[in-house]
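Accompanying notes for the structure given below.
Just so it is clear, none of the values below were taken in a lab; they were calculated from the coordinates. Note that this is a predicted model, so its numbers are computed, not measured. Here Cβ is always computed from backbone atoms with ideal geometry, including for glycine, and neighbour counts include all displayed protein chains.
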């Protein structure tokens with residue numbers, strides 16, 4: 001159909017020009033195309049067999065095991081599932097925290113992703129916004145003073161492991177130390193590692209955000225750093241906490257432990273194929289190459305007179321707000337006085353050169 005051909009051509013061009021949003025461009029799902037002819041549905045718990053058997057739960061469990069190892073989840077006490085993206089993973093973490101601490105207060109920084117406020121509204125959870133530092137990281141002094149005021153209420157910490165605009169990472173170990181110093185032991189920590197979670201554990205120094213550092217749940221997007229043709233992700237949590245909310249459902253012959261009932265059975269296959277293709281060393285090299293492009297972008301932008309910067313070991317490069325013409329051409333995420341470029345896998349130094357040249361020409365007009 002001509003309409004589909006035209007749509008594909010337009011989207012292919014737009015994908016090539018998209019430099020401001022976290023979506024890898026270098027994946028190949030061709031070996032999986034035949035599975036699109038099947039109604040794959042991983043309804044129910046990935047660790048419980050169900051009545052419906054056109055599913056990929058065994059594959060899903062392999063994906064989860066990879067991330068459990070990467071995030072240093074406690075042996076024998078972790079659980080998770082493949083989600084439809086970071087927002088669902090964050091919703092799950094907050095939902096679990098609410099069930100464990102019904103009267104708890106959620107603390108999150110002012111640079112937290114916009115969807116979190118929506119999730120808190122869905123769940124009807126009390127919350128307090130904490131100031132952020134200039135680089136986007138949470139203000140630990142403000143957090144400490146606010147926690148002091150509400151020491152009698154269990155805190156639910158929503159930690160950003162890569163904020164939307166600056167890729168700032170909150171330090172979970174430091175947050176845990178603050179709570180320990182205030183003798184706050186009834187608490188919950190969720191790490192939103194949507195962009196960074198797949199490669200942050202491989203960085204040196206390793207950011208503090210996983211289960212060993214004190215997280216009770218972690219959410220990661222699959223379509224961002226690893227790459228997928230549709231949004232997807234993974235959420236992991238401590239199994240003993242999840243067990244407190246699980247219930248059996250006769251209709252599906254499984255446990256009801258996930259946000260949605262029917263779940264995409266194709267996305268676990270996509271993530272499994274990506275991980276099988278790359279391996280842990282491939283993921284490590286992927287991160288190294290992307291960080292090299294990010295460093296190159298800062299260097300080239302500064303050479304062109306643009307005051308660009310990035311947080312340590314970040315793929316996100318920040319610079320003053322660009323004109324609307326450039327924002328739209330390169331699909332650069334823009335908020336307030338800043339815009340950014342993200343060196344996702346599949347974006348090359350040639351992309352950077354073209355963007356810098358456009359910015360230089362724009363400044364001369």
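Ordering 288, 238 by the number of other Cβ atoms within 10 Å of each residue's own Cβ, fewest first, gives 288, 238. Across the stretch 157-237, the relative contact order, built from alpha-carbon pairs under 8 Å that are at least six residues apart, equals 29 percent. Each semi-axis of the equivalent ellipsoid for the stretch 1-110 is √(5λ) with λ an eigenvalue of the Cα gyration tensor; in descending order they amount to 33, 23, 15 Å. The Rg/Rh ratio for the stretch 56-186 is 0.98, where Rg is the radius of gyration of the alpha carbons and Rh is the Kirkwood radius.
Relative contact order of the chain, taken over Cα pairs closer than 8 Å and 6 or more residues apart, is 24 percent. Considering all different alpha carbon pairs of the stretch 217-365, the Kirkwood hydrodynamic radius works out to 18.4 Å. A Förster radius of 41 Å, combined with the Cβ-Cβ distance separating residue 212 from residue 324, puts the computed FRET efficiency at roughly 0.35.
By the beta-carbon count within 10 Å of each Cβ, the least crowded to most crowded order of 273, 121, fewest first, is 121, 273. Restricting the calculation to Cα atoms, every distinct pair contributes to the Kirkwood radius of the stretch 1-48, found to be 14.3 Å.
The tail of the calculated P(r) for the chain, taken as Cα-Cα distances beyond 28 Å, holds 46 percent of the pairs. Give me the tail of P(r) for the stretch 109-206 as a percent: Cα-Cα pairs with distance above 23 Å. Above the 23 Å cut-off, the stretch 109-206 has 25 percent of its Cα pairs.
Based on C-alpha pairs under 8 angstrom that are at least 6 apart in sequence, the stretch 82-191 has a relative contact order of 28 percent. Size descriptors for the stretch 86-148 (Cα atoms only): Rg and Dmax, in that order, 12.0, 34 Å.
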